[in-house]
Amino acid sequence: MSYDVIVIGTGPGGYVAAIKAAQLGLKVAVVEKRATFGGTCLNVGCIPSKALLHASEMFHQAGHGMDALGIEVAAPKLNLDKMMAHKDATVKSNVDGVAFLFKKNKIDSFIGTGKIVSAGKVSVTAEDGKIQEIEGKNIVIATGSDVAGIPGVKVDIDEKVIVSSTGAIALDKVPETMIVVGGGVIGLELGSVWSRLGAKVTVIEYLDKILGAMDGDVSKQFQRMLAKQGVDINLSSKVTGVEKGGKGAKVTFEPVAGGAAQTVEADVVLISTGRIPYTAGLGLEEAGVALDNRGRVEIDGHFRTNVAGIYAIGDVVKGPMLAHKAEDEGVALAEILAGQHGHVNYDVIPSVVYTQPEVASVGKTEEELKAAGVAYKVGKFPFTANGRARAMLATDGFVKILSDKTTDRVLGGHIVGFGAGEMIHEIAVLMEFGGSAEDLGRTCHAHPTMSEAVKEAALAAFFKPIHM
Ligand SMILES: Cc1cc2nc3c(=O)[nH]c(=O)nc-3n(C[C@H](O)[C@H](O)[C@H](O)COP(=O)(O)OP(=O)(O)OC[C@H]3O[C@@H](n4cnc5c(N)ncnc54)[C@H](O)[C@@H]3O)c2cc1C
């Protein structure tokens, strides 16, 4: 059997590309080395982490958020095994869903490690060592990413005491203390989970702000909120050593600007310093597929590598390492392979931190606009002035809209607050249609909703908000 498309990797990039290509009438095969489909996202990333974020937030709410609403409940008791079982069941239902969709769309699946033998040929090595070869006109590399270490520091991740995100979603007891190396999205989300369940969490971050590329206002506000929740954050701190010992493990760090080093101990250390593209064992060198200087598969604007018939999408290529970016690339590439004109608008890719409150962002930050010399207006509206937020005791945070000073076109939106991850999409849709702050501010919003703060922030960017 020869296929129109062979997709290697079934994360959100690969499985979506496969389904879309099949929907467009192409004959598709997928190759996956895990026992289940869905990649990092469904198995050990987005989905299990969100199951734990939700459950731990409910636990925290039951213990801390009820009294002020006039609900008196006994202190909640944690059943961590059951919480983990909820997470595992969530993962199972999602990965089974992908298997169902493959069958529904008549996609053939091969379980084993895929290797590109040459353009048009992929070998699949099963766990028992059996090798089979499949042929296809087009090959899509969608092999995703893996945990990055700490540059220049040897770290032995055992997934029990020194853990990556994979171990951090599967701890068998709540650590008394946890050190999170890296104050990015994954570290702060998983640090929040264990902090809500009772761990004393300390974050050590190299940069002078958390959440790296996010808008400066957002990052400052979010840091204050995490501090209020009891998370300690050390900024501008360089980790120089992580080793087992003491209570569990020891982390040595020093100021980036130079100065005395200190060593702290914790039951568990989470290494969350980012992810790197995963290309090991794919045979790229032999096939002549070029990588860029950061180890990512190099592609052009149509996801083509330098070898005809070989394409790449998702975390293994440039751009934000996000599931929905990988999915959109999967759709666009499938359309291209089917002779259509797929494309991805990289200017409008939302990004969400699923802590409580949530942080969400789309488009440009204020820092990016300044650096690009763009004249812009800022409209900001706090949830303290929003009726629904007051009714729900969810007044932490704000909405910030950035618009072009001359044309009023919305260039970016940033939200810290309850439900930010849902609200961000009205700004994304507006931006996709090239809308202005006035358009957003004049759009009737249901009352009382948290989304009215988005409208008010847009009004603030355009002219003046009503409720401030
Ligand atoms: C803890 C955590 C939380 C996250 N939360 C979010 C979130 O909330 N939102 C979000 O947008 N993103 C999140 N991400 C990032 C998201 O998981 C990735 O951006 C996304 O999974 C990338 O999709 P992908 O298809 O490129 O690759 P992956 O999902 O990494 O899938 C690649 C697949 O390829 C397989 N593979 C690799 N090599 C081979 C080979 N040679 N042969 C066969 N199969 C192979 C792998 O086994 C894997 O299944 C999170 C990540 C982590 C770790």
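The values are calculated or read from the model by the stated rules, or taken from the named source; none is laboratory data. Here the structure is a predicted model, which means the values were calculated and not measured. For neighbour counting, all protein chains shown are included, and Cβ atoms are generated from backbone atoms with ideal geometry for every residue, glycine included.
Looking only at residues that are away from the ligand (no atom under 15 Å from the Cβ) and part of a loop (DSSP other than H, G, I, E, B) in the stretch 38-69, which one is nearest to the chain's Cα centre (by Cα)?
This residue is GLY65.
Go through ALA74, ALA99 for me and flag whichever is of a type in the set (A, V, I, L, M, F, W, C) and part of a helix (DSSP H, G or I).
When all the criteria are applied, what remains is ALA99.
Please find, within the stretch 307-347, the residue that is farthest from the ligand (Cβ to nearest atom) out of those that are within 15 Å of the chain's Cα centre (by Cα), over 12 Å from VAL140 (Cα atoms) and not charged (D, E, K, R).
The qualifying residue farthest from the ligand (Cβ to nearest atom) is GLY319.
Out of all the residues in the stretch 197-208, is one or more in contact with a helix residue (DSSP H, G or I) (Cβ under 6 Å, 6 or more places away or on another chain), crowded, with 16+ Cβ neighbours inside 10 Å and in contact (Cβ under 8 Å) with a residue 60 or more places away in the chain?
Scanning the stretch 197-208 turns up at least one residue that is in contact with a helix residue (DSSP H, G or I) (Cβ under 6 Å, 6 or more places away or on another chain), crowded, with 16+ Cβ neighbours inside 10 Å and in contact (Cβ under 8 Å) with a residue 60 or more places away in the chain.
Can you name the condition, by its number, that ALA213 falls short on among (1) within 16 Å of the ligand (Cβ to nearest atom); (2) under 30 Å from GLU368 (Cβ atoms); (3) at pLDDT 95 or above; (4) out of contact with any strand residue (DSSP E or B) (no Cβ under 7 Å at 6 or more places or on another chain)?
In the conditions (1) within 16 Å of the ligand (Cβ to nearest atom); (2) under 30 Å from GLU368 (Cβ atoms); (3) at pLDDT 95 or above; (4) out of contact with any strand residue (DSSP E or B) (no Cβ under 7 Å at 6 or more places or on another chain), ALA213 misses (3) alone.
Among the listed residues ALA35, ALA21, identify the single one that is at pLDDT 95 or above, within 15 Å of the ligand (Cβ to nearest atom) and surrounded by fewer than 17 Cβ atoms within 10 Å (Cβ to Cβ).
Only one candidate qualifies: ALA35.
Surrounded by fewer than 16 Cβ atoms within 10 Å (Cβ to Cβ) and over 20 Å from VAL316 (Cβ atoms) - does that describe any residue in the stretch 138-149?
no
Would you check which residues across the stretch 378-408 are surrounded by fewer than 17 Cβ atoms within 10 Å (Cβ to Cβ) and either within 16 Å of the ligand (Cβ to nearest atom) or among the basic types (Lys, Arg) (or both) and list them?
ARG390, LYS405 - these are the residues of the stretch 378-408 that are surrounded by fewer than 17 Cβ atoms within 10 Å (Cβ to Cβ) and either within 16 Å of the ligand (Cβ to nearest atom) or among the basic types (Lys, Arg) (or both).
Just name the residue that is surrounded by the fewest Cβ atoms within 10 Å (Cβ to Cβ) out of those in the stretch 124-137 that are closer than 24 Å to PRO12 by Cα and acidic (Asp, Glu).
Looking at the filtered set, the residue picked out is GLU127.
All but one of (1) at positive phi; (2) touching a Ser or Thr at 6+ places or on another chain (Cβ under 6 Å) hold for GLY283, so report the exception by its number.
Going through the list (1) at positive phi; (2) touching a Ser or Thr at 6+ places or on another chain (Cβ under 6 Å), GLY283 breaks only (2).
Which strands (runs of 3 or more DSSP E) sit wholly inside the stretch 239-306 and have at least 1 residues that are under 30 Å from HIS343 (Cβ atoms) and modelled with pLDDT of 95 or more?
Here the list reads 275-277.
Give me a count of the residues in the stretch 110-123 that are surrounded by fewer than 22 Cβ atoms within 10 Å (Cβ to Cβ) and within 17 Å of THR10 (Cβ to Cβ).
5
Just name the residue that is nearest to the ligand (Cβ to nearest atom) out of those in the stretch 136-170 that are in a strand (DSSP E or B) and not β-branched (Val, Ile, Thr).
Across the stretch 136-170, the extreme among qualifying residues is SER145.
Report the residue count in the stretch 1-18 for those that are surrounded by fewer than 24 Cβ atoms within 10 Å (Cβ to Cβ) and in a loop (DSSP other than H, G, I, E, B).
1
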